[in-house]
Amino acid sequence: MSEPDEPIRLLVVDDDGLFREGIAMILESDPGLRVVAKVADGRAALEHLEQHPGEVDLVLMDVDMPGMDGVETTRRIVAADGPRVLILTTFALDEYAYGAISAGASGFLLKDTSPDALIAAVVSAHNGTAVVSPEMTRQLVSSMVPPGHGPDPQLQEPLAALTERELEVLRLIGLGRNNAEISAELFIAEVTVKTHVGRVLRKLGARDRIQAVVFAHRAGLLPPQG
């Protein structure tokens, strides 16, 4: 499925050895992916990233692990400007998933995801696309933006840095639109949308689209979630 010039380099973090080996086998079945390391807990993941800077493009992170869980590990990886993190969870939208997204994860998916969907999710996360379905995004925003919560005044300064077109793009990102849908709605080329999205993320200091979705709602650009 994925055939970049260089394979996407992955770090798999899970305390279940059988699952860890199994998911690595699935990932490496795609020529565009390469598992460079497999570790059993958060501390080992941080140690590997520190000892091998620049080696990993994306971390697949379990959340419910003994010692340092995936949420805290994700928070530290993001704080260190490390690779993107894709969360693996047993239950959709549990407290760990919410915490991981708040900590800066690029998305999450269930452990029973099909092999093809897993590979597609890894490629999407690596490319900066949010790995959460529109329905799960709505639930996520409802959890992270309480009903009746007004616009966050702290977000107005970065919001003011956006052009009118970039604000339109951000609103549509917040509604869960992909680049092709934004292109059709705004009557602009998809490559232009990609450029706008990149500028929006950069100006907001967002690592990927899912953070832009939450930003859009917290900034009051979209109607409150019902």
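No lab work stands behind these numbers, since they all come straight from the coordinates. Just so you know, these numbers come straight off a predicted model, no measurement behind them. Here the Cβ is made from the backbone with ideal geometry for all residues, glycine too, and neighbour counts use every protein chain on show.
In summary, the lysines within cross-link reach of LYS194, defined as a Cα separation below 27 angstrom excluding same-chain residues under 8 places away, comprise LYS203.
Residues whose amide H falls under 5 Å from that of ARG84, counting only those 5 or more places apart or on a different chain, are VAL59, with hydrogens built in the peptide plane.
Here's how it looks for LEU33: its modeled amide H is under 5 Å from those of ILE8, which are all 5 or more places away or on a different chain.
Site pair ARG171 and ARG199 shows an inter-label distance of 1.7 nm when each label is modelled 7 Å from Cα along Cα→Cβ.
With K and R counted +1 and D and E -1, the other residues having a Cβ less than 10 Å from that of PRO66 yield a net charge of -4. With both labels modelled 7 Å from their Cα along Cα-to-Cβ, the ALA160 to GLU28 distance reads 5.3 nm. Sequence-ordered 3J(HN,Hα) estimates for segment 110-118 from the Karplus curve with 6.51, -1.76 and 1.60 and θ = phi - 60° stand at 6, 5, 9, 4, 5, x, 5, 5, 4 Hz, glycine and proline given as x.
Shown in residue order for segment 42-47 are the 3J(HN,Hα) couplings computed by the Karplus curve 6.51 cos²θ - 1.76 cosθ + 1.60 at θ = phi - 60°: x, 4, 5, 5, 5, 5 Hz (x for Gly and Pro). Structural descriptor for segment 142-218: relative contact order 44 percent, calculated from alpha carbon pairs under 8 angstrom and at least 6 residues apart. In plain terms, the chain from LEU18 to ALA184 could stretch by 55.3 nm, reckoned as 0.36 nm per residue minus the Cα-Cα distance. Under conditions of 20 °C and 1.002 mPa s, segment 54-125 yields 177 µm² s⁻¹ as its translational diffusion coefficient, taking Rh as the Kirkwood radius over Cα pairs in the Stokes-Einstein equation.
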